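Trainee: Dropping a structure here in structure tokens format, bear with me for questions.
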Amino acid sequence: MSKLEIITLPDPLLRKQSAKVERVDDDLRRLMDDMLETMYEAPGIGLAGIQVAVPRRVLVMDVGFGDQDDEDEDVEPEKDPIYMVNPEILSRGTEMRLHEEGCLSIPEVFAEIERPNVCQVRYIDRDGEMREMACEGLLSTVVQHEIDHLNGKLFIDYLSRLKRDMVIKKFVKSKKSDAVVA
Ligand code: NI
């Protein structure tokens, strides 16, 4: 497995629509394994293909991973990865859930975002089997955040235009100052 580079704002690829995966093969499994390793190392609890510059409809998640208590810092959290290919939200509950979201592609920006607390997702798993999963709570938030990535949508799009523009400006600026240094 190898670690991949995570792209960040203002990379225009993040706004690209990802293409459907035609076949789950060893190449795709290798990509998913690399994505998972990249996500764990970041660390994060979800990662979409487009975030490693691969515009295909694939994502990995592990919502238990970021959930360790401070006193257990030395204990490796148990891994419980979820792999989704061509995920599709079949239905959403009406009850909403507020969660402070962040994104590996928008470092150091966090904002409370409201999304449905439950959703039903259909996807193809790592073995190429069609599956359905009832997602609730944090998993519901994360899977919706990741599927948004596949459609070129970011969590900052749920903010007011003013707040979103402030975030975007910050990243354009930091990009510019990097260029001067380089
Ligand atoms: Ni994200």
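Trainee: So if I check each of Asp69, Asp26, which one is modelled with pLDDT under 95, more than 14 Å from the ligand (Cβ to nearest atom) and out of contact with any strand residue (DSSP E or B) (no Cβ under 9 Å at 6 or more places or on another chain)?
Mentor: Criteria check complete, one pass: Asp69.
Trainee: Further, regarding this structure: If a residue has to be part of a strand (DSSP E or B), open to solvent by 50 Å² or more (accessible area, probe 1.4 Å) and under 19 Å from Met39 (Cβ atoms) to count, how many in the range 100-138 make the cut?
Mentor: So the answer is 1.
Trainee: (1) in contact with an Asp or Glu (Cβ under 7 Å, 6 or more places away or on another chain); (2) surrounded by fewer than 19 Cβ atoms within 10 Å (Cβ to Cβ): which one isn't true of His145, the others all being true?
Mentor: (2)
Trainee: Hey, among Ile124, Ile113, Ile147, which residue is under 19 Å from Ile89 (Cβ atoms), over 15 Å from the mean Cα position of the chain (by Cα) and among the aliphatic types (A, V, I, L, M)? Step through it out loud before you land on a result.
Mentor: Working: Ile113 fails: over 15 Å from the mean Cα position of the chain (by Cα); Ile147 fails: over 15 Å from the mean Cα position of the chain (by Cα).
After ruling out the rest, the residue left standing is Ile124.
Trainee: Is it the case that the range 98-110 has a residue that's within 16 Å of the ligand (Cβ to nearest atom), out of contact with any Leu (no Cβ under 6 Å at 6 or more places or on another chain), at positive phi and not acidic (Asp, Glu)?
Mentor: No, the range 98-110 contains no residue that is within 16 Å of the ligand (Cβ to nearest atom), out of contact with any Leu (no Cβ under 6 Å at 6 or more places or on another chain), at positive phi and not acidic (Asp, Glu).
Trainee: Ok, one more. Kindly list, by first and then second residue, each pair from a residue in the range 2-29 that is under 22 Å from Pro107 (Cα atoms) to a residue that is among the basic types (Lys, Arg) and not in a helix (DSSP H, G or I), limited to pairs with Cβ atoms under 9 Å and residues at least 6 apart or on different chains.
Mentor: Arg15/Lys153; Ser18/Arg56; Ser18/Arg57
Trainee: Of all residues being modelled with pLDDT of 95 or more and away from the ligand (no atom under 16 Å from the Cβ) in the range 77-88, which is surrounded by the fewest Cβ atoms within 10 Å (Cβ to Cβ)? Just the residue, please.
Mentor: Here the answer is Glu88.
Trainee: Among (1) assigned to a helix (DSSP H, G or I); (2) within 13 Å of the ligand (Cβ to nearest atom); (3) touching a residue at least 60 places away in the same chain (Cβ under 8 Å), where does Thr38 come up short?
Mentor: Result: Thr38 fails condition (3) only.
Trainee: Say we look at the range 11-23 and pick out the residues that are among the hydrophobic types (A, V, I, L, M, F, W, C) and away from the ligand (no atom under 14 Å from the Cβ); which of these is most open to solvent (accessible area, probe 1.4 Å)?
Mentor: Selected residue: Ala19.
Trainee: Okay, moving on. Please name all residue pairs, on different chains or six or more residues apart, with Cβ atoms under 6 Å, provided the first residue is in the range 132-146 and is more than 15 Å from Leu47 (Cβ to Cβ) and aliphatic (A, V, I, L, M) and the second residue is open to solvent by less than 10 Å² (accessible area, probe 1.4 Å) and away from the ligand (no atom under 16 Å from the Cβ).
Mentor: Once the first residue is more than 15 Å from Leu47 (Cβ to Cβ) and aliphatic (A, V, I, L, M) and sits in the range 132-146, its partners that are open to solvent by less than 10 Å² (accessible area, probe 1.4 Å) and away from the ligand (no atom under 16 Å from the Cβ) give Met133/Val121.
Trainee: Next question. So which residues in the range 74-99 are under 19 Å from Ala48 (Cα atoms) and either of a type in the set (Val, Ile, Thr) or not in a strand (DSSP E or B) (or both)?
Mentor: Selection gives Lys79, Asp80, Pro81, Ile82, Val85, Ile89.
The values are calculated or read from the model by the stated rules, or taken from the named source; none is laboratory data. Computed from a predicted model, the values in this text were never measured in an experiment. As a convention, Cβ positions derive from the backbone with ideal geometry for all residues, glycine included, and neighbour counts pool all protein chains shown. Just so you know, the surface numbers come from the protein's heavy atoms only, side chains and all, with ligands and any DNA or RNA stripped out. Shrake-Rupley method; radii C 1.70, N 1.55, O 1.52, S 1.80 Å.
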